Amino acid sequence: MNRKPIHYYVLLSLLIVAIGFSFYYYQQVQTYEHRIDDEIAPDSSLPTYHFVLIGEEMNHDYWRLVGEGAKQTEERYDVFVEYKGPSRSNPEEQLKLLDMAIKSKVDGMIVQALNESFTPLINQAVNEGIPVMTIDTDSPESLRAAYIGTDNYVAGQLAGEALIEDTNGQATVGIITGSFDNTHHQLRVQGFKDTIEKVDGIDIVAVEESNITRVEAEEKAYTMLSEHDEITAMIGTSSWDGIGIVAAAQTLQKQESLYVMTFDPLEENIQLLETGELDAIVEQQPLEMGYRSIEMMLDLIQGDVVDEIYHTNASIIRRSNIDSWKREKGESL
Ligand code: BGC
């Protein structure tokens, strides 16, 4: 029997199997490479710009509105806004978030610059090519490109003018300020002092800080009102301060006679205004700050002219205009 053809068939079969395997593995490699390519290719559905906005207190209506305004821009522009901050005021944590944003090389940063300890990181970001804007509290000595927010000195002046008007220029005043270290509170107090100084009948007898907590606002107000029986008016420069002052006045049964003014129309502040325990509230524009900050950042990145300072409006709410204020809010919601 001739065995040659059998060898031939075996070899041929092996060759076919080998070709089959080669083809199979070639296909597998191709599929895998495609998968890898897909994974590393930029996702064209991602927004072009990634901005970070870092605020003071996420668990606060004022900052909720800043965030809401900023996030609304995502519907209109090609941006992703990462909105971050500590839940309660914590400057150390804010600085850490700033540092992380620099490390992750975001396209732009919008930062509340509470005090001079924020300057080195703002400057580092700018030196590394990340555009920076400040919001709510400015750091004019830093390399930030622009500021959006209340003119905090003017807001203090406004509070002073309202006090003069409401007390007919006759008052002995105690001040509770959010923090002695934070620029915006310093400016609010300064603006207030400079305004009332011009009036003979008004004197400031004590200034204390609440450390941005309602508990400390109440403690400090309680001590102040106990030690200075002559105080007839109190002003708080942060949004919790009015609530603390009112609580202390209630304990000391002074709420009837004491004039109280505070910042920001938190729901609780509005209720206290309606019951007459608060007399005036300084209102700021957090929603606008958030929204416009992103538009300004886009303008900066695209090389358009941007005003270095964009001051949003500050105004006074009193019981006498609370109804029209509520109507306007309802309309703008
Ligand atoms: C201030 C913010 C602050 C907020 C909550 C506002 O009056 O402008 O800087 O974070 O109150 O304390």
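Read the figures in this text as sums done on the coordinates, not as results from a lab. It should be emphasised that the depicted structure is a prediction, and the values quoted were computed from it without experimental measurement. Every residue, glycine as well, gets a Cβ built from its backbone with ideal geometry; the counts of neighbours run over all protein chains shown.
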In the range 97-121, how many are hydrophobic (A, V, I, L, M, F, W, C) and more than 19 Å from D299 (Cα to Cα)? 9
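Would you pick out the residues in the range 278-309 that are within 15 Å of the ligand (Cβ to nearest atom) and of a type in the set (S, T, Y)? Break it down into steps so the answer makes sense when it comes.
Applying the first criterion (within 15 Å of the ligand (Cβ to nearest atom)) to the range 278-309 yields 278, 280-290, 293.
The answer is S293, and nothing else.
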Hey, can you tell me all the residues within the range 78-108 that are among the hydroxyl-bearing types (S, T, Y), more than 10 Å from the ligand (Cβ to nearest atom) and crowded, with 16+ Cβ neighbours inside 10 Å? Y83
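Is it fair to say D138 is touching a Ser or Thr at 6+ places or on another chain (Cβ under 8 Å) and among the charged types (D, E, K, R)?
Yes; evaluated as a whole, the condition is true for this residue.
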